[in-house]
Amino acid sequence: MTVIEKIKKIFPNMKKGIERFPITVSFSVITFGMLSYAIRIGELKGADAIPLELKKMIILLILGILITATLELIREKYFFNRNITVMRGISFITVSVLLFFIKIIYLSDKKISNFSELFFIGVISFLLFVLIPVINRKSDEEKYIQTVSLNIVVTIAFSVVLYLGIIAIIGAVDVLLINIDNMIYMQSFVFTVFVFGLTFFLSRLKGVNENLEEYETDVLFKILMKFIIIPLIIIYTGVLYLYLGKILIQMRMPKGVISHLVLWYTVFSLFIIIMITPMVKNDKMINLFRKNFPKVSIPLIILSLVAIFKRIEQYGVTEGRYYVVVVALWLLFCMFFYIFKTKMVVIIIGTFISVIFLAIYSPINAKNISILSQNKRLEKLLIQNGLVKAGKLVENPNLDNNTKSEIQSVVDYLLYNGNSMYSVKEREKTRNLKPFGKIYENPDDFKNSIGMDESWKSYYLEDKGINITYRIAEDIGHNDYISKTYGYEYLVRIYGYFVQNMDHQVYKKFSEKYIIMKNNDEIKILDKEDEKEILNVNINKILTEIISKKEFNVENNKSMEKIIPESIMEYMGETEKIKYKVAVKYINMKKDNNGTFFFKNYSLDFCFSEK
């Protein structure tokens, strides 16, 4: 086979993919158009200016891409002798109904908060996309999975090359000929992924009933598996067994971290077993690994279960621990079956989909079980420490700091875990705090009943210095804040924690005139045309001036969190050309070993306009 023939074999007939998956490609093109429009809005007005309904529509379209592709494979496998136009019409109606219900169930709020549920709908759709062609295959299940996996790798490689070529051309035109808006770089990326990449992948996809007896594994792939991946897995397994031996010798319970070290490598190894199965007939080493790894992995999986159940016994179930348990049990099931059965692909994918349904969508999902467990843990702590008398919550002035902090951590988990994107006001409406069956929609009612205050958190800092946080009563959205800027034309949100270690960070190009930049603890405004500095504001200097007001008190020797009026947390300044305002949302300060306070973290809105 000549080089040209090999290239032709790798590079598919894109028209074939479009004709085979017309609805999926149509969804992809529409997704590209909407994402391009969202990018334009975000570039001109800021990411928070993108309409919520547009974001929801993009999410639904992305899910639609996966669902329509799966439905097309179902048509090819089970309804291939039916009228293709009618069947595709039914598929379109089906996906429209499914997306409608997804929107009603998960996207009806004013905020997009059900990320895990939406994400795993996509994961399940993709798993079904892979599973459908594998069902009832005689002997080449693993070969099909291998072709899909290699197809993904090849698609990514071609897409990266195409994208680099596109941006190189755009960059050359921008520098040498005409100025081009920078948003085209992101739009080019979206085009590469949703138009070229998806069509390329679908065009190379094997048929649902295509015979793969003549398919041969690529030589480079064989070398990668045999001489790199498998030896690394064996070495890693050896390290874990040394740790297991250490535990048995010292008679010490395993650490909770062992669960993560074992499980994710075992999931990866399970995938590798599927990928190398087509090669076992012709390679003794690979056959030996595939035959023995399931047996070797079982004690390690059991070890991870022992470790995680130890943590659950001590601190109750959390969502993370729930996921570790169900994944460990699923792996144990898969490995046991692999010892006695050879055809496992359908079982592995099917049971994994079942695990996702159990953990995310069933009544005994991770969130519900963790809430139940933590409320039981809270009840136990309250009873053990004399905070319940005659069925009512009471205060106990003799609580030690460790007990206070443990109770505080449970309450914080119930109120805030999984709700970090909600505002303070929204978090207070959560109904997760319900010890003894009583729901505390306002957590302050519970806290006041047992005398809980901010000092209950102070034990964390006894050996780390004093920690003080000042914040406004409630953070508000970007769009809401714009309406309160009172004459300031431009606004950027700055989070000190996320950029404090970056030498140079360009935040946003706000218009055709200005660029605003964050450089260490300085905010700079530059003229876009010649990049001349127009304004330089020192954040630390402004924060120091703000906390010098009488409403603040940083001389105490006690960690605390205090609510400060919004007007007190503002600083206004001006130059000959620019007027600006710094509206601080919170300031976090810490005292070092020398007794000097320094700013550890902050969050603020910076707005400005021409005079």
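Would it be correct to say that S370 is closer than 18 Å to N432 by Cβ, in contact with a Ser or Thr (Cβ under 6 Å, 6 or more places away or on another chain), not in a loop (DSSP other than H, G, I, E, B) and not hydrophobic (A, V, I, L, M, F, W, C)? In short, yes.
Whenever a residue of segment 196-216 is crowded, with 18+ Cβ neighbours inside 10 Å, its partners that are among the aromatic types (F, W, Y) and modelled with pLDDT of 90 or more, lying with C-beta atoms within less than 7 angstrom and at least six residues away or across chains, give the pairs F200/F158; L202/F21; L212/Y144.
Scanning segment 16-51 for residues that are charged (D, E, K, R) and closer than 20 Å to G89 by Cβ turns up E19, R20. Remark: pairs (first residue in segment 389-403, closer than 17 Å to F436 by Cβ; second residue open to solvent by 80 Å² or more (accessible area, probe 1.4 Å) and at pLDDT below 80; Cβ separation under 9 Å; 6+ apart in sequence or on different chains) are absent.
Evaluate the following for I7: is it within 22 Å of S159 (Cα to Cα), in a helix (DSSP H, G or I) and modelled with pLDDT under 80?
Values: within 22 Å of S159 (Cα to Cα): yes; in a helix (DSSP H, G or I): yes; modelled with pLDDT under 80: yes.
Spelling it out, I7 is indeed within 22 Å of S159 (Cα to Cα), in a helix (DSSP H, G or I) and modelled with pLDDT under 80.
Conditions tested, residue by residue: (1) assigned to a helix (DSSP H, G or I); (2) hydroxyl-bearing (S, T, Y); (3) modelled with pLDDT of 90 or more; (4) more than 16 Å from F126 (Cα to Cα).
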site	(1), (2), (3), (4)
E43	yes, no, no, yes
I65	yes, no, yes, no
A69	yes, no, yes, no
F80	no, no, no, yes
I90	yes, no, yes, yes
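Within segment 566-611, the set of residues being assigned to a strand (DSSP E or B), open to solvent by 50 Å² or more (accessible area, probe 1.4 Å), farther than 23 Å from L535 by Cβ and modelled with pLDDT of 75 or more comprises Y586 only. A single entry from I356, I371 fulfils the requirement of being within 30 Å of V134 (Cα to Cα) and β-branched (V, I, T): I356.
State the number of residues belonging to segment 122-136 that are assigned to a loop (DSSP other than H, G, I, E, B) and either open to solvent by less than 10 Å² (accessible area, probe 1.4 Å) or not aliphatic (A, V, I, L, M) (or both). So that I can check it myself, show each step before the final result.
Filtering segment 122-136 down to residues assigned to a loop (DSSP other than H, G, I, E, B) leaves 135-136.
Now restrict to residues that are either open to solvent by less than 10 Å² (accessible area, probe 1.4 Å) or not aliphatic (A, V, I, L, M) (or both): 136.
Result for segment 122-136: 1.
Taking (1) under 28 Å from S159 (Cα atoms); (2) open to solvent by 60 Å² or more (accessible area, probe 1.4 Å); (3) touching a residue at least 40 places away in the same chain (Cβ under 8 Å) in turn, K56 satisfies each apart from (2).
Among the candidates I235, I273, which residue alone is within 31 Å of the chain's Cα centre (by Cα), closer than 16 Å to F293 by Cα and touching a residue at least 40 places away in the same chain (Cβ under 8 Å)?
On the way: I235 fails: touching a residue at least 40 places away in the same chain (Cβ under 8 Å).
None of the others qualify; the one that does is I273.
Residues in segment 355-367 include at least one that is surrounded by 13 or more Cβ atoms within 10 Å (Cβ to Cβ), at pLDDT 85 or above, within 24 Å of G320 (Cβ to Cβ) and among the charged types (D, E, K, R). A residue that is more than 30 Å from S405 (Cβ to Cβ), modelled with pLDDT under 80, among the basic types (K, R) and over 37 Å from the mean Cα position of the chain (by Cα) occurs somewhere in segment 550-565. State whether one or more residues within segment 293-300 are assigned to a helix (DSSP H, G or I), open to solvent by 50 Å² or more (accessible area, probe 1.4 Å) and among the hydroxyl-bearing types (S, T, Y). Taking every residue of segment 293-300 in turn, none turns out to be assigned to a helix (DSSP H, G or I), open to solvent by 50 Å² or more (accessible area, probe 1.4 Å) and among the hydroxyl-bearing types (S, T, Y).
Take the residues of segment 98-121 that are part of a loop (DSSP other than H, G, I, E, B) and basic (K, R): which is most open to solvent (accessible area, probe 1.4 Å)? Spell out the reasoning first.
Of the residues in segment 98-121, the ones part of a loop (DSSP other than H, G, I, E, B) are 107-114.
Checking which are basic (K, R) leaves us with 110-111.
Details: K110: 184, K111: 88 Å².
This residue is K110.
Against the list (1) over 26 Å from the mean Cα position of the chain (by Cα); (2) modelled with pLDDT of 95 or more, the condition N375 fails is (2).
Results for (1) of a type in the set (V, I, T); (2) in contact with a helix residue (DSSP H, G or I) (Cβ under 7 Å, 6 or more places away or on another chain); (3) buried (at least 19 other Cβ atoms within 10 Å of the Cβ); (4) in contact (Cβ under 8 Å) with a residue 60 or more places away in the chain, shown as yes or no for each residue.
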residue	(1), (2), (3), (4)
L240	no, yes, yes, yes
M251	no, no, no, no
P278	no, yes, yes, yes
I286	yes, yes, yes, yes
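I need a count of the residues in segment 514-541 that are touching a helix residue (DSSP H, G or I) at 6+ places or on another chain (Cβ under 8 Å) and either part of a strand (DSSP E or B) or more than 14 Å from Y580 (Cα to Cα) (or both). Break it down into steps so the answer makes sense when it comes.
Within segment 514-541, the subset touching a helix residue (DSSP H, G or I) at 6+ places or on another chain (Cβ under 8 Å) is 518, 521-523, 539.
So of that shortlist, the ones also either part of a strand (DSSP E or B) or more than 14 Å from Y580 (Cα to Cα) (or both) come out as 518, 521-523.
Number satisfying all stated conditions: 4.
The values are calculated or read from the model by the stated rules, or taken from the named source; none is laboratory data. Since the model is a prediction, treat every value here as computed from it, not as a measurement. All Cβ positions, glycine included, derive from the backbone under ideal geometry; neighbour counts span all protein chains shown. These accessible areas exclude ligands, DNA and RNA; they are computed on the full protein's heavy atoms, side chains included. Shrake-Rupley method; radii C 1.70, N 1.55, O 1.52, S 1.80 Å.
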